[in-house]
Each structure stands twice: as C-alpha cells, then as structure tokens.
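S.K.: Below is one structure. I have some questions about it.
A short reminder: the numbers here are calculations on the coordinates, not readings from a lab. Note that the structure is predicted; figures quoted are calculated from it, not measured. Please note: Cβ atoms are built from the backbone with ideal geometry, for glycine as well, and neighbour counts cover all protein chains shown.
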Amino acid sequence: MKKLNQSLLEVDCAQASPKEQPKSAPIYVMRPYLPPLEEFIPYLEQIWENKWLTNNGPFHRQLEQALCEFLGVDHLALFVNGTIALVTALQSLRITGEVITTPYSFVASAHSLIWNNIKPVFVDIDPVTMNLDPEKIEAAITPRTTAILPVHCYGTPCDVESVQRIADTYGLKVIYDAAHAFGVRYKGESLLNHGDLSVLSFHATKVFTTFEGGAIVCPDAKTKKRIDFLKNFGFADEVTITAPGINGKMNEVQAAFGLLQLKHIDHTIECRKAVDRHYREALANIPGLTCLAESANTVPNYSYFPILVGPEYPLTRDALYQRLRENNIYVRRYFYPLISDMPMYRGLPSAAADNLPRAKAISNQVLCLPIYHDLDDKQVDLIASLIARQCG
Ligand code: T4K
C-alpha cells in the first residue's frame, strides 16, 4: 500500500512539474493558514469516536458558539460554503424582483441573485472604499426593488449608516456579502451586526478557513431557526418540511478545523498586518501606484492587498501582472472583469459602461498582491522591488 501511494505521488509530481524548473518557488496571492497537523489529529479521533459526521454535530454546535463569541455577534448559522449561504440568505428573507448590488465583486455575489430568479441592478462604486456608492443607490430603486446587496470589498466597511438610511426610507432589506470581512470591527463592534443579514466565506483563500465553508450572521433566534431549516432541505422535524430548502450544511471535519483555526486566528491576522505595513512602506512614493486607503474607525483583517496601477506608472496593469508572473509571483486581478461585463449580465440596462465608470476604471487598474501569514520580509521586498524597478 505504502509503495502504491509513493508511486501515485511520483506520477502526480511528474505531471505537475513544468519542463523548466522555476528560479524560485512560486509566490501565490493567498496561502491558507494550516495549523500543525498533529494538533488536528485529536479532533479527527473524536469524530471517529462520535461517528457523527454532519447534520448539526457537536463540533458544528461548538463552532457556531465559538464564532459568535469571537466575532461579537448574537446568532450565526454555519454553511458548506459562502455561495450557498448567500443563496439561502436571500431565500430566508423571501427576496424577489430586483436587488441593487455592486459590479465590483467576486461573481458569487450576483450569481446568488440569479439562482433566486432575482434581477441584479448594478450601481457604481465609491472610488475610495471601492464599495457600493450610497449616493447612487436611490436613483436605481424601482417598485420592484426589494433589497440591497452590498459587498464589504477586501474587508473595507461599506458606508453602513447611509445604506441603512436608504433601506429604512424605502422599506428594503439589506444583505451584506461579508465574504472578506471576517473579524472586521467598525466603530467598536462587529461590522457583521449591520444590515438584516451578513454572509461570510471560509474558503481556503480567506483569513479564516474551513477548507470550504461560510456562515450567515443574523440578529435573532427566530431568523436563525428559519435559516437552519432552509439549509437542511427545509426540515423542521422528521415529518415537517417547511420550505423547499437546500443542503447547505457544514460537516464535522470542516467545523473541527474551524475550531482549531480559531485558536490561531489572532496570530494569523497579526502576521498579515506586518505584511500590510511592510508593503505600504516599501511601495510609498512610486509614481502612479496607489494602495487601498485605510478606513477610519475600523479594525481591519488584512485579507487582501490591492494596489491601483495608474497612468503615471510606466507599465499598464496587465503588463505589470505579466512581469510579476514571469518572476513567479502570482498576483491576481480581483476584480476584473467586472461582473456586469460577464455574458450573463452584460445585457442588463444597469450593466452599461456609462452607468459604472468608476468600477470600470478601478477594475482596469487593480492588482492584488500576495498577502498571507508566512509571507516573509524578503518576499515582500522582492515583490516591492520588482514593482519599483519598472520605474527605471
Ligand atoms: N462573495 C465574495 C465577495 C467572494 O470573494 C467570494 C469568494 C464569495 C462570495 C463566495 O464564497 P465561497 O463560495 O467561495 O465560500 C477565489 C476563491 O475561490 C473564492 O472563494 C473567493 N471569493 C475569490 C475572491 O477567490 P479564485 O478562482 O481566484 O481561486 P484560486 O483557486 O485561483 O485560488 C487563488 C490562489 O490561492 C491560488 O493561486 C493559490 C492559492 N490557493 C488556493 C486554494 C484553493 C491555495 O494556496 N490553496 C488552496 O487550497 O477564487
């Protein structure tokens, strides 16, 4: 058996290795934080002993409790991933018709609307926060509008006060796509307490990960109960099916891993903070380059490090992207193309380029640099010096 595994490994590696060996190890935009493997074994042993693998098991219940405490929220329902959580969040509030959202996000934000047969209405973003611009929301409201779905892009808080004011005036629900906002605090409390619901992602590329995973944060036990029914096919008990629910349940291995991750989360975020500080110093004063502004009254989570490559920089964004790739640095264009430019959305009237000029400009300039817990000083210096060197 050992021999077979070894030979399988050799085949895999042979297939994966390029013909020419790269000069240095690749640097990816993200790397997950993996605690020492031996720390995870006792959790697995417990699962083997319990023989309880999913459906609201003991680790699932513990993680919901632990996350509520860590995040400073009252109720939270775990999910198998952030996208199913978004789809279910919209179902739970019976959102229909049209929903106002941002074109500057990961596709899942708008896809969750389409999966609910809801029409996305795109509104332009604020050039500083890169989040939905509240000043543009009112003009997009129609009699069919039922909700606003803003995204705390890169973990930067949306203008939550203005969004809520508009929602209250027009009787709209607010569901925040908070996939990037794990642990972010705003004005002394969890950012996730704003809006009717907030949706988190615990994907492998996120600050806090359960491999795949997500959660809906909600304000009361009644809403959580409905969400819990919906994520379990709509079952209230063995014979009562309350709604056409889905299977959105997180399993015990994911939940156990989440509990272990949580023990290390402060360390992970501290390490990311050091990377963020280092970049800001190293990239200061490069003509044409702008780092994302730090927001006031916010304790960030340092989930992304986006820069904007403006016209004064000697290379275009895409040329810099290529140059870094040639050097084995796998930066990403989060978020390019705009959601509104994708085939399933571009026919919508709100997807017209002249409706979204800021989102378009930023999407054409953005580059997300690598940031993760063990990206070391030397690697940050290497990336920053490559970027600076293009200026001659
Ligand atoms: N809303 C927003 C605003 C989101 O950003 C997302 C997800 C969602 C909703 C949906 O939540 P989930 O359903 O995913 O829970 C990645 C992630 O797949 C996606 O979760 C994330 N947003 C998005 C921003 O980024 P890709 O296609 O760029 O991932 P990928 O596989 O190219 O990974 C990027 C890099 O990360 C790789 O080059 C290497 C590294 N990596 C990746 C994986 C998967 C690892 O080191 N280990 C890994 O296991 O979408």
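S.K.: Once you order the gyration tensor axes a ≥ b ≥ c over the Cα atoms, which shape class does the chain get: rounded for a/c under 1.5, otherwise prolate or oblate by comparing a/b with b/c?
M.R.: The shape class here is oblate.
S.K.: Do the sum for the chain: with -39,500 (n - 2.57) for every DSSP H run of n ≥ 4, divided by all residues, what is the mean residue ellipticity at 222 nm, to the nearest 500 deg cm²/dmol?
M.R.: Helix-only estimate at 222 nm: -12000 deg cm²/dmol.
S.K.: Oh, and also: Beyond a 24 Å Cα-Cα separation, which of these cross-linked pairs lie in this structure: Lys187/Lys231; Lys136/Lys206; Lys119/Lys224; Lys206/Lys231; Lys273/Lys360; Lys206/Lys273?
M.R.: Lys187/Lys231; Lys136/Lys206; Lys119/Lys224; Lys273/Lys360, as the Cα separations exceed 24 Å there.
S.K.: Continuing with the same structure: Between Tyr330 and residues 5 or more places away or on another chain, which pairs have amide H atoms under 5 Å apart, with H built 1.01 Å from N, and which residues are they?
M.R.: HN-HN under 5 Å from Tyr330: Ile27, Tyr28, Val29.
S.K.: Viscosity 0.692 mPa s, temperature 37 °C: Stokes-Einstein D of the stretch 222-267 from its Kirkwood Cα radius, in µm² per second?
M.R.: Estimated via Stokes-Einstein, D reaches 271 µm²/s.
S.K.: Taking a temperature of 4 °C and a viscosity of 1.567 mPa s, what whole-number D in µm²/s does Stokes-Einstein yield for the stretch 240-321 with Rh from Kirkwood over alpha carbon pairs?
M.R.: My calculation gives 77 µm²/s for D.
S.K.: Can I get the semi-axes of the stretch 97-196's equivalent ellipsoid? Compute them from the C-alpha gyration tensor as square roots of 5 times the eigenvalues, in angstrom, largest first.
M.R.: After diagonalising the Cα gyration tensor, the semi-axes are 20, 15, 13 Å.
S.K.: Against the globular-protein guess of 2.2 N^0.38 Å, express the Cα radius of gyration of the stretch 249-392 as a ratio, rounded to two decimals.
M.R.: That works out to 1.23 for the stretch 249-392.
S.K.: Do you know the relative contact order of the chain, to the nearest whole percent, from alpha carbon pairs under 8 angstrom that are 6+ apart?
M.R.: 22
S.K.: Evaluate E = 1/(1 + (r/R0)^6) for Ala361 and His267, where r is the Cβ-Cβ distance and R0 equals 30 Å; express this FRET efficiency to the nearest 0.05.
M.R.: Computed FRET efficiency for Ala361 and His267 comes out at 0.20.
S.K.: Say R0 is 41 Å: what FRET efficiency, to the nearest 0.05, do Tyr330 and Asp237 get from their beta-carbon distance?
M.R.: 0.25
S.K.: Follow-up question, since we're still on this one. With the crude spin-label approximation of a point 7 Å out along Cα→Cβ, what separation in nm comes out for Ala319 versus Leu382?
M.R.: Result for the modelled spin labels: 2.4 nm.
S.K.: OK, next. Once you order the gyration tensor axes a ≥ b ≥ c over the Cα atoms, which shape class does the stretch 158-241 get: rounded for a/c under 1.5, otherwise prolate or oblate by comparing a/b with b/c?
M.R.: oblate
S.K.: Work the Kirkwood hydrodynamic radius out for the stretch 175-332: mean of 1/r over every pair of different alpha-carbon atoms, inverted, in Å.
M.R.: 18.7
S.K.: Take peptides 37-50, 99-112, 288-301, 71-84 and line them up by average Cβ neighbours within 10 Å, highest first, as a rough protection proxy.
M.R.: Packing proxy ranking, top to bottom: 99-112, 71-84, 288-301, 37-50.
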